[in-house]
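A short worksheet on the structure shown next.
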Amino acid sequence: MLATGGASLAREQYARTVKPLIGYFGRVTTEHGPHGQLAWVRHLFNGGQESAVMTDVSYWITYTDAGRDRGAADSSAWLTHSAAVASIEKSGLVNRADFALTASGAGHPLSAQTPRYMGWFTEKAMRDVENVFVRVRVLDRVGDAHERVINLLKSANRSPSHPDPPLL
């Protein structure tokens, strides 16, 4: 019993050490939109000490009244990457001209050193798209599952006039 309790405690301590700390940041840049156009860009990062492996990435999208008037419909279930892109295109927006979502999925690593680029949106896209929620599920080194839902447009500068300064 003592050995089982000790092993359990050691596993819990190790699991805390390798647990991913999934966060995100966004900024306005001229590096992603076409022809140097300003775009809101969102990155995902793992602030933990160890890498994790993605097991699922899915999307939930809501639209502004203007987007709904152009034919877009709010999500009623979590979507795949291709379904999310198709949904946004229904409002008349053009993939890789008005917005882009990075295709990530099962098997992709979430490094503890390098942020993962998640997508960008121009001012035109943000007039139609209200929220893009991304549900990221990962497995850590010990096999524990973790989930984080982020909103790619949370705190977005929807009417940018200039790029944000460099991060460092």
Taking a probe of 1.4 Å and leaving out DNA, RNA and ligands, the stretch 55-164 shows per residue an accessible area in Å² of 48
Shape metrics for the stretch 46-123, restricted to C-alpha atoms - Rg then Dmax, Å = 14.6, 46
Do the sum for the chain: with -39,500 (n - 2.57) for every DSSP H run of n ≥ 4, divided by all residues, what is the mean residue ellipticity at 222 nm, to the nearest 500 deg cm²/dmol?
-> -6500 deg cm²/dmol
Can you work out the PRE-style zone for residue 102? Point 7 Å along Cα to Cβ, and I want the residues of the stretch 14-33 with backbone N under 17 Å.
-> 21-33
Taking a label point 7 Å from the Cα of residue 86 along Cα-to-Cβ, the residues of the stretch 106-135 whose backbone nitrogen sits under 20 Å from it are 106, 129, 132-135
Rounded to whole angstrom, the alpha-carbon centroid of the stretch 50-86 lies from that of the stretch 99-168 at a distance of 12
Rg and Dmax of the stretch 69-168, Cα atoms, in Å?
-> 15.2, 48
To one decimal place, what orientation-averaged projected area in nm² is obtained for the convex hull of the Cα set of the chain?
-> 11.3
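The values are calculated or read from the model by the stated rules, or taken from the named source; none is laboratory data. Everything numeric here is computed off the predicted structure, so don't read it as measured data. Neighbour counts run over all protein chains shown; Cβ positions are idealised from the backbone, glycine included. What goes into the accessible areas is simple: the full protein's heavy atoms, side chains included, and nothing from ligands, DNA or RNA. Shrake-Rupley method; radii C 1.70, N 1.55, O 1.52, S 1.80 Å.
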